[in-house]
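Here the structure is laid out as structure tokens; the discussion comes afterwards.
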Amino acid sequence: MSQRHKEARFNFKLRTNMTPQQIMEMFDDYADDYEEEALTKGSRAHEIVGDFLANTYPESDRSSVKVLDVGAGTGFVGMKLKALGFTYVDALDPAQKMLDVAKTKNVYRHLICAFMDKNRVEEIETDFYDCVTATAAFNEGLIPCNAFPQLIRILKPGGRIVFTVPQMHVDNAVEYRGRLIPLIDKMAAGGVWEVTAIPLADGQLSNCLGPGFLYSLKVNVSEKYFEI
């Protein structure tokens, strides 16, 4: 593992000029100790997203809700959702070694090794999922703004994109600064989705990420492409 890759785990600015291949390599090299470091930092985004889904979908419906966990990593979200009664959960992550760890948890039906970006993931049908989750994936070098058309494509109308994002990434990440929130608002104004934004206090996402938000975007349209 190159030193640059290792430093970019925690210095998000270093990811700005990294290629997708380097991002993938960074997380592959991170797979064996990812969980220990995440828990040491008090990562709780998976708890927040899981609890939101539990409040959104009645217990009697959860086993039939089709969920795609984007940026699934080693399976924190999958484990949380399984404990809550969600049994149809798939994982998507660009790092195969992270997925290899996630597979051992036996919480995902399918594991897809791919980035979620502007490109179509052929393994995923249009209008297939009821919900897409992302906990640590709205981050420099991971889900770009131009991924939203594909997220919409794979969701059934009425489905939800549920994700957390630290305020520090909204303000500082090159991909999101001055772009992510205006894009969300623009698409809401155009009727693409309905927005629920829940402020998260300092410490709710983790011990070191500061305040942030949980977003739930209830998508009103089927496959639709637009300028973003």
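Read the figures in this text as sums done on the coordinates, not as results from a lab. Please read these numbers as outputs of a predicted model, since none were measured by experiment. Every residue, glycine as well, gets a Cβ built from its backbone with ideal geometry; the counts of neighbours run over all protein chains shown.
Relative contact order of the chain: what whole-number percent is it, with Cα pairs under 8 angstrom and at least 6 residues apart?
Values: 451 pairs, mean separation 42.9, N = 228.
After rounding, I find 19 percent.
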Fewest-first sequence of 92, 111 by Cβ atoms within 10 Å of each Cβ: 111, 92
Magnitude of the charge dipole, segment 3-219, Cβ model with Lys/Arg +1 and Asp/Glu -1, debye to 20: 360
Residues in segment 148-180 reached by a label modelled at residue 118 [backbone nitrogen below 15 Å; 7 Å Cα→Cβ]: 148-151, 175-176
Karplus 3J(HN,Hα) series, Hz, for segment 137-146 with 6.51 cos²θ - 1.76 cosθ + 1.60 (x for Gly, Pro): 9, 8, 8, 4, x, 10, 6, x, 4, 6
Helix-only CD estimate at 222 nm, as mean residue ellipticity for the chain, using -39500 (n - 2.57) per DSSP H run (n ≥ 4): -9000 deg cm²/dmol
Förster radius 45 Å - calculated FRET efficiency between residue 22 and residue 60 (Cβ-Cβ, nearest 0.05): 0.50
5 angstrom amide H check on residue 221, placed H, neighbours 5+ away: 158
For the chain, share of DSSP beta bridges that run antiparallel, in % to the nearest 5: 50
Furthest towards positive pole of dipole, 149, 55, 203, structure part segment 3-219, Cβ charges: 149
Karplus-derived 3J(HN,Hα), 6.51/-1.76/1.60, for each residue of segment 102-111, Hz, glycine and proline x: 4, 4, 5, 7, 6, 10, 10, 6, 10, 10
